[in-house]
1. For segment C:139-171: of the residues being within 11 Å of chain A (Cβ to nearest Cβ) and open to solvent by less than 40 Å² (accessible area, probe 1.4 Å), which is modelled with the highest pLDDT?
2. Output the number of the condition that residue C:490 fails; it satisfies all remaining conditions of (1) away from chain A (no Cβ under 14 Å); (2) under 20 Å from the mean Cα position of the chain (by Cα); (3) surrounded by 24 or more Cβ atoms within 10 Å (Cβ to Cβ).
3. For a quick check of your reading of the model, give me the residue pairs whose first member lies in segment B:51-62 and is more than 14 Å from every other protein chain (Cβ to nearest Cβ) and away from ligand 2 (no atom under 16 Å from the Cβ), whose second is in a strand (DSSP E or B) and of a type in the set (Lys, Arg), with beta-carbon atoms closer than 9 Å and at least 6 apart or on different chains.
4. Kindly list the number of the only condition in (1) part of a loop (DSSP other than H, G, I, E, B); (2) touching a Pro at 6+ places or on another chain (Cβ under 9 Å); (3) under 30 Å from residue C:460 (Cα atoms); (4) open to solvent by 20 Å² or more (accessible area, probe 1.4 Å) that fails for residue C:633.
5. Of the conditions (1) among the acidic types (Asp, Glu); (2) more than 15 Å from the chain's Cα centre (by Cα); (3) outside the structural domain of residue B:136 (by TED's automatic domain parsing), residue B:75 satisfies every one except a single condition; which number is it?
6. Do you know which residues across segment B:63-98 are of a type outside the set (A, V, I, L, M), away from ligand 2 (no atom under 16 Å from the Cβ) and more than 15 Å from residue B:19 (Cβ to Cβ)?
7. Restricting attention to segment C:255-273, and to residues there that are open to solvent by less than 20 Å² (accessible area, probe 1.4 Å), of a type outside the set (Gly, Ala, Ser) and under 24 Å from residue C:374 (Cα atoms), which single residue is farthest from the other protein chains (Cβ to nearest Cβ)?
8. Quick one: residue C:561 ticks every box in (1) outside any helix (DSSP H, G or I); (2) open to solvent by 20 Å² or more (accessible area, probe 1.4 Å); (3) hydrophobic (A, V, I, L, M, F, W, C) except a single one, so which number is it?
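The values are calculated or read from the model by the stated rules, or taken from the named source; none is laboratory data. Because the structure is a prediction, the values reported are computed rather than measured. Cβ placement follows ideal geometry from the backbone for every residue including glycine, while neighbour counts extend to all protein chains displayed. For accessibility, only protein heavy atoms count, side chains too; no ligands or nucleic acids. Shrake-Rupley method; radii C 1.70, N 1.55, O 1.52, S 1.80 Å.
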Amino acid sequence: MARVVSISSKVRDLTGGLDAFDVEAATVRGLIRALEAKFPGLGDLVENEMSLAIDGEIHQDAMLEPLSPGSEVVLIPRISGG
Amino acid sequence: MSRTVVNAIVNGEPVAFLGGGGQSLLDALRDELRLTGTKEGCGTGDCGACSVIVDGRLVCACLMLAPEAEGKRIETIEGLADNGHLHPLQHQFLEQAALQCGFCTPGLLMASKALLDRNPDPTETEVRYWLAGNICRCTGYDKVVRAVMDAAADLRQEEKPR
Amino acid sequence: MSDGNQPPVDFKVVGQRPIRPDGVDKVTGRAQFGADFHLPGMLTGRIKRSPHAHARIVSIDASAAEKLPGVKAIVTGVDLDVGAGGDIEAGEHAAAMKDVAANVLAGDKVFYQGHAVAAVAATSPEVAAEALDLIVVTYEILPHVIDVDEAMMPGAPVLHDDMYTKGVTPKPAKPSNVAQRHVMGRGDVKAAFASAGVVIEGRYTTAAVHQGYIEPHACVASWGADGQSTIWCSSQGQFLVRAMTARILNLPLSDLKVIPAEIGGGFGGKTTVYLEPVALALSRKCGRPVKLVMSREEVFLASGPTSGASMDIKLAATKDGKITAAEMELRYQAGAFAGSPVNLGCMTAFACYDVENLALVGLDVVSNRPKVAAYRAPGAPMAAFAVESAIDDLARKLDMDPIDLRILNAVKDGAKTVYGATVRYSAFIETLEAVKAHPHYKAKLKPGQARGVAAGFWFNIGGESSAAVHVDEDGGATVVSSNPDIGGSRASMAMMAAETLGLPIERVRCTIADTTSIGFSGSTGGSRVTFATGMAVVEAAQKVVADLKRRAAQTWECDIAHVEWRDGVATCLDPSKNVKPLSMKVLASKSAKTGGPIAAEVSLNAQGAAAGYGVHVCDLEIDAETGRTTVVRYTAAQDVGRAIHPAYVEGQLQGGAAQGVGWALNEEYVYNKQGLLDNASFLDYRMPVASDLPMIDTILVEAKPNPRHPYGAKGVGEVPIVPPLAAVSNAVSALVGKRMTALPLSPVSVLAAMGKG
Ligand code: FES
Ligand code: FES
């Protein structure tokens, strides 16, 4: 079970206003599948447009990262810069 | 648009080019003579990227009409190094990292040369006010001012009879 | 000047100040920037722009222009063909490509003065200008709105009738100018305010400001009869230009080659396209190369700027200065299309401080201004202006030293940021302490002077990069980088390669490759190049070293474990072998006999970028007659990890500080009643010049090199523009005896604050 937290307005539009929820997943790939199943469109959004902070470390593209039970995953808009 | 042949001395060499209409010296240098070292940042005399020296005077090439160059001696960035030897200003700009993007650099170098030609020992304030017509957005001017001061010292050293 | 905590390292090249490899070209006028390129048969392009702030395009009649001799092609919005696919990562975030396309050439509406409507390519600039005049555009003028707060009011003219605020549940019933609503926070803000010892409140505004690069946007595009095209342009990312242009014209990427020119400053403003798709569309129509160059006026009207902002902030603290909660609403102008960096403003606002309870709301608001582009630490300086002003108020209220107050509240490693990242490898406290110990901070002020202090944060990013290292036959090396060099990155790339290879810096040169000659790379932005592309360079150099060792072992017929590589020479450690060391030169010259050319290319997605923190101190005085503010002393300190080329790192700090001072004191977009920009020139949009500034002292804090980078680098380019707004404003506020809340601090507003208005 991973705890998913979002700070993105686009996510909120797909979750009916929820900013935090639990998802069953052992990898980021699994997480994205689970998100898509729970909130259609969210998996795609996360895969294509979001960065993830997994237990505090930001990953711009994190498909292969493992998740441990109780991992916290924060969905954040991609950061780039000037 | 009527164009006339303009004869001038650019970096010590006689040149002839077609100029006319509203064409500026800057456009003539860049487009007719392909001396693209002189840059255009504004075209309105406000940034100094197009600084060149005409008959010993610092001018914004974007404000001077091309036909006005007739019979004049024009110095541009391409002529600042002497036979492949960098001018002390060029040398100090490199030493001191006085350029980042380098787009303002040709103008700053020509403006600085015009300053040192008339004032071999400027104060920091004199350098800052003289260069106030040359905008650099990258460096914050700190290293530029230092480079000009140090180049002035180098030049004074060179001038000294040994 | 480094601070004393530097760990002992024995680098030979890293940390030195060699002359940059591209230096001579740039001081002799040989460097080719965007507008310097010339092709045979090249045409001049020009763009026709909207004279109105907001209007519907009823019709565009180009028939007279088409007949003008010398006119070879005319394009309008209908010539664009935005391909399908997701958004493209750009400047501050993913760019919605349909918006980028509609910005490049308008669809059925123009949203700001200067919005591109049509373009021509002609045989001379004069013919092109005449053709623009002959294009007749019929407009139906619509009511406009410029100010961000007005754009949010009920009854404001709505720019996009399909814009329903994202992030609001349930979906709003009506369209509005609020594109998105971001919310982030944690803890129990209400309770914290209820039990606060001190509460600070304020409303702050900043003006829209332009990146102000001196080189206007410029490109040459050449369409080939077989559909393969080439673009030469100055940008912050050749791959980004390729992706966006290809998408807007619906072309396969492999048919488009983008060759990066030298770039005359970008600061984020060249992380998008304005001209390239238009030039290529023109070239496609007439089969000839087309050059497009913006005038300075066009740069102001139709490129950049960054958002002006309006912000409300509230802090709760204990009586001894510990900040317990903060509430903030940030309203950022996006310009004509959604996409202000307000989310980044929210994320960075309190990133320097450990605040338990936070509630942040960010609103992304469109109005009839040019579409904003990234500008150095996008979104952060405005938010920091409000936060650092409020903290200054708190310090005054509690009579605390402003640095001590910040040390008390500073984030430490292990703290959690509001956006989910854990703070790591941070030297914020060390940076604050370095400032406190610096002579500037201890120096007595003269009468009539005041001092301001402020801090700032930027994430810094990693991401995708590619680089190659080629060993030349004579034992030197060439680094091929995938990122345009805006501020001397060729030097740092060459230095890291030289350090890894064990070569003197003069034996390593660096070139910037076009899109066909190196693997993909993200743009030069986000302070990522030294970190991410540098990592690719070092890994490529390490591969080369491994290969050299293998070749030496082969030559000596010994175990590779017995080969040591040091200072560009392989030495055999096997005592049973009596062999002479093999230099890079010898190994390179014999490479054919040991397996062929020696080279390596690395493509990676760099993780582990470390954030940066800056602390600036500003002393200034005010002319009581004119209200003009003069900065008399300035010091910028920053947590830089390890400075690869300290002179260029100092340059980043100095340049960022100067831009920030301009933002604080002079720069702004001034609109008239018709919604037209009144100051679209360098004369009227006044950026700092040499006589406006003092020397800018720097403190490079190298206490915590980033362990995730081979040489400890952290991004350094963006942090330094974050603190100056408040550093300046805090000093002005101290001098006038009143909190200044609106930037720029023009002489008029300063006089008014002094009661002399
Ligand atoms: S281009 Fe001549 S002053 Fe700017
Ligand atoms: S170095 Fe870029 S403008 Fe001066």
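1. So in segment C:139-171, the residues within 11 Å of chain A (Cβ to nearest Cβ) come out as C:164-171.
Checking which are open to solvent by less than 40 Å² (accessible area, probe 1.4 Å) leaves us with C:165, C:167.
Details: C:165: 95, C:167: 89.
Within segment C:139-171, the match that is modelled with the highest pLDDT is C:165.
2. Going through (1) away from chain A (no Cβ under 14 Å); (2) under 20 Å from the mean Cα position of the chain (by Cα); (3) surrounded by 24 or more Cβ atoms within 10 Å (Cβ to Cβ) one by one, residue C:490 breaks only (3).
3. These pairs meet every condition: B:54/B:73; B:55/B:73; B:56/B:73.
4. (1)
5. Unmet for residue B:75, out of (1) among the acidic types (Asp, Glu); (2) more than 15 Å from the chain's Cα centre (by Cα); (3) outside the structural domain of residue B:136 (by TED's automatic domain parsing): (2).
6. Keep residues of segment B:63-98 that are of a type outside the set (A, V, I, L, M), which gives B:67-68, B:70-73, B:75-76, B:78-79, B:82-85, B:87-88, B:90-93, B:95-96.
Filter once more, so that each one left must be away from ligand 2 (no atom under 16 Å from the Cβ): B:67-68, B:70-73, B:75-76, B:78-79, B:82-85, B:87-88, B:91.
Answer for segment B:63-98, where residues must be of a type outside the set (A, V, I, L, M), away from ligand 2 (no atom under 16 Å from the Cβ) and more than 15 Å from residue B:19 (Cβ to Cβ): B:73, B:75, B:76, B:78, B:79, B:82, B:83, B:84, B:85, B:87, B:88, B:91.
7. The extreme case among them is C:258.
8. Among (1) outside any helix (DSSP H, G or I); (2) open to solvent by 20 Å² or more (accessible area, probe 1.4 Å); (3) hydrophobic (A, V, I, L, M, F, W, C), residue C:561 violates only (1).
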